[in-house]
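The values are calculated or read from the model by the stated rules, or taken from the named source; none is laboratory data. Keep in mind that what you see is a predicted model, and the values were worked out from it rather than measured. Cβ coordinates were reconstructed from backbone atoms using ideal geometry, including for glycine residues, and neighbour counts include every protein chain displayed. What goes into the accessible areas is simple: the full protein's heavy atoms, side chains included, and nothing from ligands, DNA or RNA. Shrake-Rupley method; radii C 1.70, N 1.55, O 1.52, S 1.80 Å.
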Amino acid sequence: TSTTINTLRNDVYTGTAKTPNTYLYYGGKPLEKGTDYTVEFRNNIYPGTASAVITGIGNFTGTSTEQFKITVPDVTGLASSGTANSVTLTWNKNSRITGYKIYSADGRTYYGETTGNTFTKTNLTAGADYSFGVIPYITADGKTTNGNMATLSSSTVVSVPTITAGTNAAGQNGAVLSFGAVNGVNYKVFRANSSTGTYTQIATVPGSMSGYVDKNVTAGRTYYYKIQAVKILNDKTVIKSEMSSPVAVLAR
């Protein structure tokens, strides 16, 4: 009890016993394991709090119990992909992990769990942002221990937009397009001279707009248009919807 004992190093669960090095000093001089003291490790295989019972021998007496942590491996490779109404999360599979619990990133909403390395959340709103948290856990030796939550800062879904021919306002020239407004996305507008022709992008407009007027057209001529919804996530990932069905618009 008069010695100085180093802080034992925490370690990550691997399925094998953890025996961190112990260093003892007395009067500034190092003691020798096996000559001055012995170490007995307890609960040092599975995640949780392990301990090392250090007992003096020879010229030293007394016992000191030092604790250290065995932690659950972190989730790695967390990524996502979106569809019109769902988000699928994927991550690297670790064979030592029993399962994964899926929450909202703030930990308030529980979505489910899986023993695999993929999870799909359905019934989501098109064009909206979602944040998720994945918690790994290990069930062993009669108890379950959770690891650190890995979060995905933002994920979104983008539905296929619908485009229709709009109505020119009084005195308004051009080809008028109408489509549903979706906040948080942009619409790429494409035009062709026939329904099966080559579509070329002519504009990008905010999804909050409900339409677009193409003024670079010839009055009395019919043009064909498609639009595509595009979302840029916080991590710069770009998610695109499928192209909309074409619509014929008579320019005024």
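Could you tell me whether the range 12-19 includes any residue that is assigned to a loop (DSSP other than H, G, I, E, B), charged (D, E, K, R) and surrounded by 17 or more Cβ atoms within 10 Å (Cβ to Cβ)?
Yes.
For the range 98-111, state whether one or more residues are among the small types (Gly, Ala, Ser), over 19 Å from LYS240 (Cα atoms) and not in a loop (DSSP other than H, G, I, E, B).
Yes, the range 98-111 has at least one match.
So which residues in the range 104-116 are exposed (fewer than 13 other Cβ atoms within 10 Å of the Cβ) and not basic (Lys, Arg)?
ASP106, GLY107, THR109, TYR110, GLY112, THR115, GLY116
Before we move on, is LYS101 at pLDDT 95 or above, charged (D, E, K, R), out of contact with any Lys or Arg (no Cβ under 8 Å at 6 or more places or on another chain) and surrounded by 17 or more Cβ atoms within 10 Å (Cβ to Cβ)?
Yes, satisfied.
Take THR151 and tell me if it is open to solvent by 50 Å² or more (accessible area, probe 1.4 Å), within 30 Å of LYS101 (Cβ to Cβ), modelled with pLDDT of 85 or more and of a type in the set (Val, Ile, Thr).
yes
Can you pull out the residues in the range 155-188 that are assigned to a loop (DSSP other than H, G, I, E, B), among the small types (Gly, Ala, Ser) and out of contact with any Leu (no Cβ under 8 Å at 6 or more places or on another chain)?
SER159, ALA169, ALA170, GLY171, GLY174, GLY180, ALA181, GLY184 - these are the residues of the range 155-188 that are assigned to a loop (DSSP other than H, G, I, E, B), among the small types (Gly, Ala, Ser) and out of contact with any Leu (no Cβ under 8 Å at 6 or more places or on another chain).
Just to be sure, is SER210 open to solvent by 60 Å² or more (accessible area, probe 1.4 Å), without any contact (Cβ under 8 Å) to a residue 40 or more places away in the chain, of a type in the set (Gly, Ala, Ser) and on the phi < 0 side of the Ramachandran plot?
yes
Every residue, every condition in (1) modelled with pLDDT of 95 or more; (2) under 25 Å from VAL185 (Cα atoms); (3) among the β-branched types (Val, Ile, Thr), yes or no:
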position: ASN59; (1), (2), (3): no, no, no
position: TRP91; (1), (2), (3): yes, no, no
position: ASP129; (1), (2), (3): no, yes, no
position: ILE135; (1), (2), (3): yes, no, yes
position: THR144; (1), (2), (3): yes, no, yes
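Is it the case that THR198 is within 30 Å of THR76 (Cβ to Cβ), surrounded by fewer than 18 Cβ atoms within 10 Å (Cβ to Cβ) and at pLDDT 90 or above?
No: the conditions fail for THR198.
Could you list, in sequence order, the residues of the range 232-242 that are in a loop (DSSP other than H, G, I, E, B) and either among the β-branched types (Val, Ile, Thr) or buried (at least 16 other Cβ atoms within 10 Å of the Cβ) (or both)?
LEU233, THR237, SER241
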